[in-house]
Amino acid sequence: MLKAGHSRRSIGRQLHMTHRTVKSLADAARPEDLFTGQYRFNRATAVDEYKPYLDKRWDEGCTNAWKLWEEIIPLGYTGSYGIVSAYIRKKRTSPRPVTAQPPTPRAVTRWILSRPETLTDTEHIRLKEVLANCPELQALTGHVRSFAEMLTERQGHRLPQWLDAIRSDDLPSLHTLAAGIDRDRDAVIAGLTLPWNSGVVEGRVNWIKMLKRQMFGRAGFRLLRKRVLLS
């Protein structure tokens, strides 16, 4: 309409828009330029963590926003009903399926490394969806949790079977880890079995190095020994 010679004010009267709105639309080089300040794409909301659950219930045929809001409250949702209603309304009116944003690599890593019983129901659902779409990541998750169980339960006798299981999967990065463990297998088995470790010794060594750094590395053995005994 501007190219046809109409002024912005006349366009605003015809479209029932303010002069400022017409100006912002005319000055925008691309649609994304219209979304500034608080109205940005992918703005985080309280319902983001629960969107996979809502998507699952939607696919099962539950499209009532109020019922879905009541279902996610016991899961830990603390936001308002309006946010849930807006997400469900968007799913109804959008020509393309509206789904949750994929989780970040950092979030997936945390879910894999956490004890399964410490994850929320929503995190269990999201992790299950991620692993279902990536067989390699599913195999990796099994190996990581199996090793964590060996470490916390002191089951070093399971290490040979764990290494064989790793080699049977197409996971080159874990093959490199297995080769490194094999070079010192007895020590690793001992570390996974015995209640003793060198943590106390390593702490003292770091402390002595700190004393040396305080004297810029110029302390002889006698002075260093005296400082250690007197500290």
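The values are calculated or read from the model by the stated rules, or taken from the named source; none is laboratory data. These figures come from a predicted structure and were not determined experimentally. Backbone-built Cβ (ideal geometry, glycine too); neighbour counts: all protein chains shown.
Which helices (runs of 4 or more DSSP H) does the stretch 44-105 wholly contain that include 2 or more residues that are among the acidic types (D, E)?
Working: elements: 51-59, 65-72, 81-93.
Counting at least 2 such residues, we get 51-59, 65-72.
Hey, could you check the stretch 174-205 for residues that are modelled with pLDDT under 85 and assigned to a helix (DSSP H, G or I) and say which is nearest to L159 (Cα to Cα)?
It comes out as G199.
Which number in (1) modelled with pLDDT of 90 or more; (2) more than 16 Å from the chain's Cα centre (by Cα); (3) on the phi < 0 side of the Ramachandran plot marks the one condition that R154 misses?
(3)
When both residues are 6+ apart or on different chains and their Cβ atoms are under 8 Å apart, which pairs have a first residue that lies in the stretch 184-212 and is within 27 Å of A148 (Cα to Cα), and a second that is not in a helix (DSSP H, G or I)?
The qualifying pairs are G191/N197; L192/R154; L192/Q155; T193/R154; T193/Q155; L194/R154; P195/R154.
Under 7 Å by Cβ, and 6 or more places apart or on different chains, what pairs join a residue from the stretch 120-143 that is more than 14 Å from T104 (Cα to Cα) with one that is assigned to a loop (DSSP other than H, G, I, E, B) and not β-branched (V, I, T)?
Between residues of the stretch 120-143 that are more than 14 Å from T104 (Cα to Cα) and residues that are assigned to a loop (DSSP other than H, G, I, E, B) and not β-branched (V, I, T), the close pairs are T120/L75; T120/G76; D121/L75; T122/L75; E136/L171; A139/D169; A139/L171; L140/L171.
Give L192, L223 a once-over and let me know the one that is surrounded by 12 or more Cβ atoms within 10 Å (Cβ to Cβ) and either touching a Ser or Thr at 6+ places or on another chain (Cβ under 6 Å) or within 29 Å of V108 (Cα to Cα) (or both).
Of L192, L223, the one residue that is surrounded by 12 or more Cβ atoms within 10 Å (Cβ to Cβ) and either touching a Ser or Thr at 6+ places or on another chain (Cβ under 6 Å) or within 29 Å of V108 (Cα to Cα) (or both) is L192.
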